[in-house]
Amino acid sequence: MKVIASGVILLLTFSIISFGMPNFANAQSDEPPLSITTDSTIYADGSEIIITGKVKDSSLTDYPQDVTIMIISPNGTIVAIAQVSLDSNNEYSHTFTAGGMMSNGGDYTIQANYGAQKGETTFNYSGSNDSKPVVIEEPVVIEEPEPIAIIEPEPEPIAIIEPEPEPEPLCGEGTVMKDGKCVAEKSGGGGCLIATAAFGSEMAPQVQFLREIRDGTVMSTQSGTAFMTGFNQFYYSFSPYVADYERENPVFKEAVKVTLTPLLTSLTLLNYVDVDTEEEMLGYGIGIILLNIGMYFVAPAAVIIVIKNRIKQQ
C-alpha cells in the first residue's frame, strides 16, 4: 500500500509540473519578433506621427540591416516610406508629418519590415480637407469716457541709427534653413531610396534634382499626380531591398550610379520646357519614357546585332 500511495503522489506531482511548463514557455514568447507602435491613434493634418519599435534579439540578421517603414492609405496606396537604422538596444524610431499624399481621412496602416520579420499597426487620420466651424462672437461695446486733450510739447526727434541686418544665406530648391544650415526639406511623398543609396546622401545634387522634377514639374498636374501614385506602388515594392544591397556591395553601388546617369540626363530636358497643361505633361512624359526605352533597350540591342553580323562576316 505504501508503494502504491507513493506512486500516486509522484504521478500527481509530475502532472502538475507538466501543466505549468507550457504556460511558462508561452510567457517567455510574448515579445513579438518585430514590434511597432505609434505615440497616438488619431492624427490631424500637419501632426507629427512618431513611430517606435524593437527587433527581438533572436530575430537579428547576420549583417547590419535597416528597418523599412511604410504608411499605406485605406485604399492600399503607399503614401510614405522610410528606412531607419537600429540603435544599440535593437530599437528604432522615425517621425512622419501627416499630410502631403495623405489627403483622404480614414484608417491608415503602418507596416515595418526587417528581413523576413514584419510588424503592423494602424492609426486614424482626420483628413486634410476637414475644417472646424468658425464661431463668430458678437463684439461687446464698451462705452469709454471722452478723452481729455492734453497738449504736450513736441520732443525733438532723435536720430537713431539702426545696424544693417546681416544678409541671410540662401538655400537652393529642396532645402530649408534650420539652425543656420541648409538641410533637406521633408516631403510627404517619400524619397528616392535607390538614388540616395547610390550617391550617398539626400543632399547629393542628383537626388535633389530628382526631387525637384517630381515636386515642381510632375506633381504640378493631375495626370502627373496620377502617374506618381501608380509608380510609387511599383517602385516602393522593391526599392528598399535594392538600396540595402547597394550599401552592402560597393561594386553594385557603382554599377547603379552608372545606370542612373542616362536617366538623369534625359530628365534635364524638362528644365528647358514649360509644362503648364495636362496635354503638355502627357506629351513630354511619353517622350521622356520613349527616349529612355531607346537608350536602355533599343540602342544596346542594335549594338549587339551589329557586333554579331561583323563576327559572322569574319
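The values are calculated or read from the model by the stated rules, or taken from the named source; none is laboratory data. Computed from a predicted model, the values in this text were never measured in an experiment. Every residue, glycine as well, gets a Cβ built from its backbone with ideal geometry; the counts of neighbours run over all protein chains shown.
Data overview
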| quantity | calculated |
| --- | --- |
| Residue within the stretch 262-269 that is part of a helix (DSSP H, G or I), closer than 30 Å to residue 66 by Cα, among the β-branched types (Val, Ile, Thr) and not assigned by TED's automatic domain parsing to the domain that holds residue 84 present | no |
| Residue that is farthest from residue 247 (Cα to Cα), among those in the stretch 195-216 that are buried (at least 19 other Cβ atoms within 10 Å of the Cβ) and among the β-branched types (Val, Ile, Thr) | 207 |
| Unique residue being surrounded by 11 or more Cβ atoms within 10 Å (Cβ to Cβ) and either in the same structural domain as residue 232 (by TED's automatic domain parsing) or modelled with pLDDT of 75 or more (or both) when the list is 85, 59, 35 | 35 |
| Qualifying residue in the stretch 295-303 (condition: surrounded by 11 or more Cβ atoms within 10 Å (Cβ to Cβ) and touching a helix residue (DSSP H, G or I) at 6+ places or on another chain (Cβ under 9 Å)) | yes |
| Output for the stretch 272-288, where each listed residue is assigned to a helix (DSSP H, G or I) and exposed (fewer than 11 other Cβ atoms within 10 Å of the Cβ) | 272, 286 |
| Spans of strands (runs of 3 or more DSSP E) in the stretch 47-117 with at least 1 residues within 30 Å of residue 220 (Cβ to Cβ), of a type outside the set (Ser, Thr, Tyr) and in contact with a helix residue (DSSP H, G or I) (Cβ under 8 Å, 6 or more places away or on another chain) | 78-84 |
| Hits in the stretch 209-255 - residues which are in a loop (DSSP other than H, G, I, E, B) and among the hydrophobic types (A, V, I, L, M, F, W, C) | 238 |
| Condition met for residue 260 (hydrophobic (A, V, I, L, M, F, W, C) and at pLDDT below 85) | no |
